[in-house]
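Each remark here refers to the structure printed beneath this line.
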Amino acid sequence: MAGFVPPRFQDVPVLSVIGCLLALYLVWRVIWPLRLSRPVRIVLGLLVVALALHHRIVAQFAGTMASPEIPKAVIAVLATGFTTLLISAVFVLVLDALLLIARLVRARRVLPMLRAPWLRPAAGTLALLLSAYGIWQGMAVPKPRQIEVAIDGLPAAFDGYRVLQLTDIHASRLLTGAWVEKVVTESNALHPDLVVITGDLIDGSVSARADDFAPLARLRAPDGVIAITGNHEYYAQYADWMQAFRGQSMQVLENTHTQVQRDGATLTIAGVTDPVAARYGLPMPDLTAALAGADPQAPVILLDHRPVEARANAAKGVALQLSGHTHGGHIVGMDQLVKRANGGFVSGRYEVNGMTLYVSNGAGLWPGFAARIGVPSEITLITLRQSAASRTAAERPGLASPQGIATLAR
């Protein structure tokens, strides 16, 4: 399941094999024992296998793996079915493991319960209910989440500065322009000073997403909207999307930085590309290039779609890294798998060698795995605060240098 956050499309054959194995396992353990006629069980079994392969089937006839171009209701039904397949497989595997243990320890009173003919179909029904709830949550408009982050060396002019982070919007046939419009309305209501978007804005081509993407042009902040790319921008017309983003008055950072100034003070906002660029012959993420020429006295906020390089970024002097990509792990428990592929980071705030990392659960989801269970979507408002060391240094001019602040911090 961890491979679906977000998907690595070059690994689709492997995922298809795993999905088929899980489907066949469910056919064997759940469908075939049902007291139904053989033709009915065969049809049900084929449907389960088709669910396991539905990404490839849809991509063959309507759109791509990244962007299924089919009606929203159909995407929701397929997503519910696919999630049911995965959760059912987990439930049945657990029941079968308990059955095996009960046999080994000869727990004769427990064995009849674990062999009950209704138990595994009931587990499948529970999985269906959970999946329907998960897809409903995945399609919900995200709610605001507000945090404060103290930064060493933050100028007094930026104490209280409000940065709104959006990430993993995934505008698509599932999360359409009407949904994006509601996200924009929620975001503007928070009155941020700056909006940053940390990748995966869209799924699909520029022409296919023209109406769904358009509401993002109505994001408002005094210091504008700054965006970076995620992996999904590369799956369809990367160059065209960069032009489209900039046409929406977004400043897109591709291994570069910009500066925000207030009352003579400076804050550096840097952004890097996504590692999936290597597959397309495009520039790989390069923080050194992104910071070239930046004011060495200004604190750095880094926009990096994936959190995996947080430790290396901290070593290069980044004060705050904002990331997404993980979707928070999608489902409680599954986050423990997802974080293994992301440097141990999956959701929320982390302190990384003196740097604060914030990994947002994201606003939306890829249509191919659109479930959230216990991992709500979010719009994140981050209020910057001076650290205690910074405030003390500002009050004592002799310690106003970065070296003086570092001394106090120790």
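Based on DSSP H runs of at least 4 residues, each adding -39500 (n - 2.57), what is the mean residue ellipticity at 222 nm of the chain after dividing by all its residues, to the nearest 500 deg cm²/dmol?
Numbers: 14 runs with 154 residues, N = 410.
Mean residue ellipticity, 222 nm, calculated: -11500 deg cm²/dmol.
Compute the length gained on full extension between C20 and N353: take 0.36 nm times their separation in residues and subtract their Cα-Cα distance, giving the result in nm to one decimal.
115.6 nm
Work through the residues other than I202 whose Cβ is under 9 Å from its Cβ and net out their charges, Lys, Arg +1 and Asp, Glu -1. Intermediate values should be presented prior to the final figure.
On the way: positive: R209; negative: D200, D203, D212, E233.
Spelling it out: positives minus negatives among the neighbours equals -3.
Keeping the other protein chains in place, figure out the carbon and sulfur percent of the accessible area of the chain, with a 1.4 Å probe.
The nonpolar share, carbon plus sulfur, comes to 60 percent.
Rolling a 1.4 angstrom probe over the protein heavy atoms, how many square angstrom per residue are accessible across the chain? Intermediate results must be reported in sequence, preceding the final value.
Working: 18060 Å² over 410 residues.
Ligands and nucleic acids excluded, the result is 44 Å² per residue.
Assuming R0 = 51 Å, what is the FRET efficiency of S37 and D240, from their Cβ-Cβ distance, to the nearest 0.05?
Numbers: r = 53 Å, r/R0 = 1.03.
The formula returns an efficiency of 0.45 here.
How many percent of the alpha carbon pairs in region 200-275 exceed a separation of 14 Å?
The share of Cα pairs beyond 14 Å in region 200-275 comes to 63 percent.
Helix 12-26 against the longest principal axis of the chain: what's the angle in degrees, Cα atoms only, rounded to the nearest 10?
That helix lies at roughly 40 degrees to the long axis.
Could you grab the relative contact order for the chain? Cα pairs under 8 Å, six or more apart, rounded to a whole percent.
Rounded, it is 20 percent for the chain.
Stokes-Einstein at 25 °C, 0.890 mPa s, Kirkwood radius from Cα pairs: D for the chain in µm² s⁻¹?
Result for D is 107 µm²/s.
If D168, D295 are ordered by their accessible area, calculated over protein heavy atoms with a 1.4 Å probe, which sequence runs from highest to lowest?
Order by accessible area, largest first: D295, D168.
Using the alpha-carbon centroid of each, what span in Å lies between region 183-237 and region 52-101?
Cα centroid of region 183-237 versus Cα centroid of region 52-101: 28 Å apart.
Under 28 Å Cα-Cα from K72, which lysines qualify once same-chain neighbours fewer than 8 residues away are excluded?
Result set, ordered by chain and number: K143, K182.
Would you mind computing Rg(Cα) / (2.2 N^0.38 Å) for region 137-254, counting N as its residues?
Relative to the 2.2 N^0.38 Å estimate, region 137-254 comes out at 1.09.
To the nearest 20 Debye, how big is the dipole of region 157-224 about its Cα centre, given +1 on the beta carbon of each Lys and Arg and -1 on that of each Asp and Glu?
160
Quick one: helix 238-247 against the long Cα principal axis of the chain, what's the angle to the nearest 10°, folded into 0 to 90?
Relative to the chain, helix 238-247 is tipped by roughly 50 degrees.
Run the quick spin-label model on L337 and Q259: label points 7 Å from Cα toward the beta carbon, then report their separation in nm to one decimal.
Distance between label points: 4.7 nm.
Give me the one-decimal nm value for the distance between modelled label points at L93 and Q297, 7 Å along each residue's Cα-to-Cβ direction.
5.6
What is the angle, in °, between the Cα long axis of helix 72-105 and the longest principal axis of the Cα atoms in the chain? Nearest 10 is fine, range 0 to 90.
70
Checking the cross-link filter: which aspartates and glutamates have an alpha carbon closer than 20 Å to that of K316, excluding same-chain neighbours under 8 positions apart?
Qualifying aspartates and glutamates at Cα under 20 Å: D152, E254, D274, D286, D295, D304, E351.
The values are calculated or read from the model by the stated rules, or taken from the named source; none is laboratory data. This structure is a prediction, so every number in the text was calculated from the model and none was measured. Neighbour counts run over all protein chains shown; Cβ positions are idealised from the backbone, glycine included. Remember, those area values only see protein heavy atoms, side chains included, never the ligands or the DNA or RNA. Shrake-Rupley method; radii C 1.70, N 1.55, O 1.52, S 1.80 Å.
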